[in-house]
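Worksheet: one structure, shown below.
Just so it is clear, none of the values below were taken in a lab; they were calculated from the coordinates. Treat the numbers as computed from the prediction; the structure is a model and nothing was measured. Methodologically, a virtual Cβ is constructed for each residue, glycine included, from the backbone with ideal geometry; neighbour enumeration extends over all protein chains shown.
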Amino acid sequence: MSKYYNAMLEAGKALESREDYYILAIETSCDETAVAILQGKQILSSAIMSQIDIHKRFGGVVPEIASRNHTAAIDSIVECALSEAGISLSQIDAVAVTYGAGLLGALIVGVSYAKSLAYALGVPLYAINHIKGHIFAGFAYQNITLPAIALIVSGGHTAIAKVDSYTDIEILGSTRDDAVGEAFDKVARVLGLEYPGGPKICALAKEGKNNIKMPRSFKGEGHLDFSFSGIKTFVGNYVHNLVQKGLSVPRADIAHSFQEEVTGVLVQNTIKAIQNTGIKKVILAGGVGANDLLRSKLENACSHLGAELYMPEKKHCTDNAAMIGVACYHAIKQGLLPSDLTIDAVAELKIDEHN
Ligand code: KG4
Ligand code: ZN
C-alpha cells in the first residue's frame, strides 16, 4: 500500500468520530453539475447548474454535450458552493464524488476533478454510489434508524430495497424493463411535453380525470418487481390511433390516468414490502419522489399501516450533491475506507454494490 494511501486511511479513520469536519461533494452523473458543502451531516450549501435548457431541445440528455458542460461549469460551481457555505477550499477535510451509475463521460468529469482536488488538498476521497446518495438524501433532515424499506424511483432505476446500512442493501424487487422516470419522460414526449417529463405530466394531470384504463403488468404475483414498458407502449399506441382517426387527444386525461396507475403500482409494492418484512419504515428516494401524487399516496398508505415515512424535500429528490455528501457522512461513520486515486467512473453500478 502506498505511503499516500496509508495517510488517507488514517485521515479517514480520524473523521469517523467527528461531526465538525467539512465534506465537499460532487455530482455529475447526468445533466446536473452539482457541488455541496457539508459540516458533518449538516448541509451548508448545495449549488446546482442544471443543463435542462440545453438538452430539452434534443428531447433528452445528449451525453457528449453533458460532459462538455460539466467540464465548463465545475470550477465555478465549486466556488459558488464554497462561498455560499462561507468556507475556503483549504478547510475541506474530505471529498465525496458520485462514481456511478450514470453517463460515463459525465461521471468521468466529476471523478477526475474530485481525484485531483483530494490529492491537491491531501484529504481522503470517497467514491459514492449515486443511488445510495438518493437513499441517504432522507437522512439530511432526521436520524433514521435502520433497517428501512427504500422505494427507489429515478430516471435510471426503479427498485424496492431493504436498507440495513450504507454497505448492506438488499434488493427486494426492481423493474424488469424501463425505470419509472423513463416511463414518465417517454409518455411526456408522446404527449408533446418537454424533457424532463415528470414535472410536466404532474402539472398536466391536475387538469384531467382518471378515465382511461391503463394496463397493469403484474397482477397479484408474489414478487415485488415492476414493469413500465407495457404502459408506455399502450400510451404511444392510444395516442397514435386517435391521431390517425383525426380525433382529439385527451392529453390531460392520459397524463392523469397514467400517473394514477404508475404511482398506484409503486405504492402497492411498497405496502407488500412492509408486510413481507415487517419493517415499518419507508424512505422515498429519487427524482420521481418529487411527484405530488406519489407522495400523498405513500403518506396515506404508511399512516394506514402505522409505518414511518421519510421523504426528502422535493429539491433533494432530484439529482443534487448534498445527497452525495450525506451518504458520504454515513459511509464514513460506518467505517467505509477512502477510495484510492485509481478509482474509475462506472456507468453501470448495482444499488447493492459495496460502495
Ligand atoms: O433521480 P433523478 O433526478 O435522476 C436520475 O438519477 O435518473 O430522476 C430524474 C427523473 C426524470 O425521469 C424526471 O422526469 C423524474 O425524475 N421526475 C419526476 C418529477 N420530477 C422529476 N417524475 C414525476 N413527477 C415529478 N414531479
Ligand atoms: Zn439520480
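Observations, loosely collected:
- Positive-end extreme of charge dipole, the range 185-317 - chosen from Leu204, Ile254, His240 (charges on Cβ): His240
- Ranked by the mean number of other Cβ atoms within 10 Å of their residues, highest first, the peptides 33-42, 324-333 fall in the order 324-333, 33-42.
- In this structure, the amide hydrogen of Ser339, modeled 1.01 Å from its nitrogen in the peptide plane, lies closer than 5 angstrom to those of Leu125, Tyr126, Ala127, counting only residues at least 5 positions away or on a different chain.
- Here Glu207 and Gln334 are evaluated by their C-beta separation; at R0 = 56 Å the FRET efficiency comes out at 0.75.
- The gain in end-to-end length when the Lys13 to His223 segment is fully stretched comes to 71.5 nm, 0.36 nm per residue minus the alpha carbon separation.
- 18 Å Cα-Cα threshold exceeded, pairs from Lys272/Lys297; Lys56/Lys232; Lys56/Lys200: Lys56/Lys232
- Packing-based order for 267-274, 123-130, using average beta carbon neighbours within 10 Å, highest first: 123-130, 267-274
- Sequence ranges 240-247, 302-309, ranked by mean other-Cβ count within 10 angstrom, highest first: 302-309, 240-247
- Length available on full extension from Asp53 to Ser76: 0.36 nm per residue minus the Cα-Cα distance, which gives 6.4 nm.
- Positive-end extreme of charge dipole, the chain - chosen from Cys30, Ser83, Gln268 (charges on Cβ): Gln268
- Computed magnitude of the charge dipole of the chain (debye, nearest 20; Cβ of K, R +1, Cβ of D, E -1): 1020
- Distance from the C-alpha centroid of the range 300-355 to that of the range 1-27: 18 Å, rounded to the whole angstrom.
- Shown for the chain are the DSSP H helices of 24 Å or more along their axis, judged by Cα atoms, with a mean Kyte-Doolittle hydropathy of at least -1.0: 63-85, 104-121, 251-277.
- Estimated at 0.36 nm per residue, the fully extended path between Thr277 and Arg68 surpasses their Cα-Cα distance by 70.8 nm.
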